[in-house]
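**Q** Sharing a structure with you now.
The values are calculated or read from the model by the stated rules, or taken from the named source; none is laboratory data. Source: prediction; values computed, not measured. With ideal geometry, Cβ positions are generated from the backbone for all residues, glycine too; neighbour counts draw on all protein chains shown. The protein model used for the area step is the full one, side chains on, heavy atoms only, and it has no ligands, DNA or RNA in it. Shrake-Rupley method; radii C 1.70, N 1.55, O 1.52, S 1.80 Å.
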Amino acid sequence: MQRFLDLTLSGVSQGAIYAAFALALVLIWRSTRVVNFAQGSMAMFTTYLALLAVDAGWPYAAALVLALGTGLVLGAVIERVVMRPVENGPEINPVIVTLGIFIALQALASLLFSAQYRSFPAPFGLSGLQVGGVNVAVTPYGLFVIGAVAVTLLALVALFRFTDLGLRLRASAFDGEVARLLGVPVGRMLTLGWALAAVVGSLSGLLIAGGSLVWPAYMDGLIVFGFVAAVLGGLESPGGAVVGGLVLGIALSYVSGYLGSELAGMAALVVLVAVLLVRPAGLFGRTTVRRV
């Protein structure tokens, strides 16, 4: 029973990190209708900047603000300079461009920061908490991760459901021409969507880096599991992204604990296929029916 509880709590902590990355994917999809394969490398790049700040003596909170602010600027610049020229072309073009950005940022990080493994400090303890004299698999840093994801989820739900800005972001993504006729500055909304998604992605990069090692490709595994979590929940739903991340994290924790960590990747594929067979649009997605 203790082992089951430990695996569950560990899965929740890891699933919260998957959920953070999935939220970034959901945000950019709802804001721009683009699947951004460069999200992980963008987060990696801003995490390195935060690491440089920590090494220079900055407190963790200041380094966090630096990473999120840099992510905001980086997302806006990429949309304006790189993505804007291909937005009106075939739908596959932006996807291919994001793959190119992914490769370019990893190469640039290797040149600027080297490809060596470096330790990223955690702002809170990494030792399990004592509950009733029993050591459980929840750390103060794990609670920080869960809290950060919860705050991000609430902010995104509030943005898209209760603000005019969220409505404009969605309108620009669904039909730019109609949105322009209604007076929505579509170009600015697309830039803002990329910038906000990069902020959430930067947060996920910092969360997974805390207390572990970073290198230019350290986000690659998270990219795969984050995409699985986003698709599980449905790319339209921030809440679905969090549920998908938690479901995936707990499932992989059970598989790793009882069957072996080498089966984690296969387990993620099985979970994804099983859910999509029952709910093709994801757990919280909506299937669009078109009359012909």
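**Q** Express the C-alpha Rg of the stretch 204-250 as a ratio against the empirical globular expectation 2.2 N^0.38 Å, rounded to two decimals.
**A** For the stretch 204-250, the normalised Cα radius of gyration comes out at 1.21.
**Q** Please state, to two decimals, what the Cα-based radius of gyration of the stretch 85-128 comes to when divided by 2.2 N^0.38 Å (N = residues).
**A** Against the compact-globule rule of thumb, the ratio is 1.90.
**Q** Of the residues Pro123, Pro94, Pro238, which exhibits the maximal mean-square fluctuation in a Gaussian network model of the chain defined by a 10 Å Cα contact cut-off?
**A** Pro123
**Q** With θ taken as phi - 60° and the coefficients 6.51, -1.76 and 1.60, list the Karplus ³J(HN,Hα) couplings across the stretch 17-26 in order, rounded to whole Hz; mark glycine and proline as x.
**A** So the J values, rounded to whole Hz, are 5, 4, 5, 4, 5, 4, 4, 4, 5, 5.
**Q** Assuming 0.36 nm per residue, please report the length gained on full extension of the stretch Trp58 to Glu91 beyond their Cα-Cα distance.
**A** This chain segment gains 7.6 nm when fully extended.
**Q** Would you mind checking the tilt of helix 238-258 against the longest principal axis of the Cα atoms of the chain, expressed as 0 to 90 degrees and rounded to 10?
**A** 30 degrees
**Q** Let me ask you something else. Which value in deg cm²/dmol, rounded to the nearest 500, describes the helix-derived mean residue ellipticity at 222 nm for the chain, given -39,500 (n - 2.57) per DSSP H run of n ≥ 4 and division by the residue count?
**A** One gets -23500 deg cm²/dmol as the mean residue ellipticity at 222 nm.
**Q** Largest first and in whole Å, give the semi-axes of the stretch 166-265's equivalent ellipsoid, each being the square root of 5 times a Cα gyration tensor eigenvalue. Kindly include the intermediate steps, with their values, before the conclusion.
**A** Working: eigenvalues 237, 55, 18 Å².
Taking √(5λ) for each Cα gyration eigenvalue gives 34, 17, 9 Å.
**Q** On to the next question. Can you compute the FRET efficiency between Gln116 and Glu177 using 1/(1 + (r/R0)^6), with r the Cβ-Cβ distance and R0 = 35 Å? Round to the nearest 0.05.
**A** The computed FRET efficiency comes out at 0.10.
**Q** Compute the Kirkwood hydrodynamic radius of the stretch 107-152, taking the inverse of the mean of 1/r over all pairs of distinct Cα atoms, and give it in Å to one decimal. List each step's numbers first, then the result.
**A** Values: mean 1/r = 0.0756 Å⁻¹.
Its Kirkwood hydrodynamic radius stands at 13.2 Å.
**Q** Compute the FRET efficiency between Leu108 and Tyr258 as 1/(1 + (r/R0)^6), taking r as their Cβ-Cβ distance and R0 = 35 Å, and round to the nearest 0.05.
**A** Computed FRET efficiency for Leu108 and Tyr258 comes out at 0.30.
**Q** Separation of the stretch 157-215 and the stretch 9-80 by C-alpha centroid, Å?
**A** About 13 Å separates the Cα centre of the stretch 157-215 from the one of the stretch 9-80.
**Q** In what sequence, highest mean first, do 51-59, 100-108, 16-24 appear when ranked by Cβ atoms within 10 angstrom?
**A** 16-24, 100-108, 51-59
**Q** Additional query: Sorted from largest down, what three extents in whole angstroms do the Cα atoms of the stretch 52-150 have along their principal axes?
**A** Each principal axis gives a Cα extent; for the stretch 52-150 these are 61, 31, 23 Å.
**Q** I'd like the Karplus ³J(HN,Hα) series for the stretch 77-91: coefficients 6.51, -1.76, 1.60, θ = phi - 60°, whole numbers in Hz, and an x wherever there's a Gly or Pro.
**A** 5, 4, 5, 5, 8, 9, 7, 4, x, 10, 5, 9, x, x, 5
**Q** I've got another one for you. In Å, what Kirkwood hydrodynamic radius results for the stretch 137-202 from the alpha-carbon pair distances?
**A** 13.4 Å
**Q** Å³ per residue of the Cα convex hull, for the stretch 1-124? Spell out each step's value before the answer.
**A** Details: hull volume 17.3 nm³, N = 124.
Dividing the Cα hull volume of the stretch 1-124 by its residue count gives 140 Å³.
**Q** How fast does the stretch 23-89 diffuse by Stokes-Einstein, in µm²/s, taking the Kirkwood radius from C-alpha pairs at 25 °C and 0.890 mPa s?
**A** Using the Kirkwood radius from Cα pairs, D works out to 188 µm²/s.
**Q** When only the heavy atoms of the protein chains count and the probe is 1.4 Å, how do Leu126, Leu156 rank by accessible area, highest first? Show your work: numbers first, answer last.
**A** On the way: Leu126 95, Leu156 15 Å².
From most exposed to least exposed: Leu126, Leu156.
**Q** Next question, about the same structure. Residue by residue through the stretch 217-223, which ³J(HN,Hα) values in whole Hz follow from phi under the Karplus form 6.51 cos²θ - 1.76 cosθ + 1.60 (θ = phi - 60°), with glycine and proline marked x?
**A** 9, 5, 8, 4, x, 5, 4
**Q** Which three extents, in angstrom, do the Cα atoms of the chain have along their principal axes, listed largest first?
**A** For the chain, the Cα spread along each principal axis is 64, 50, 34 Å.
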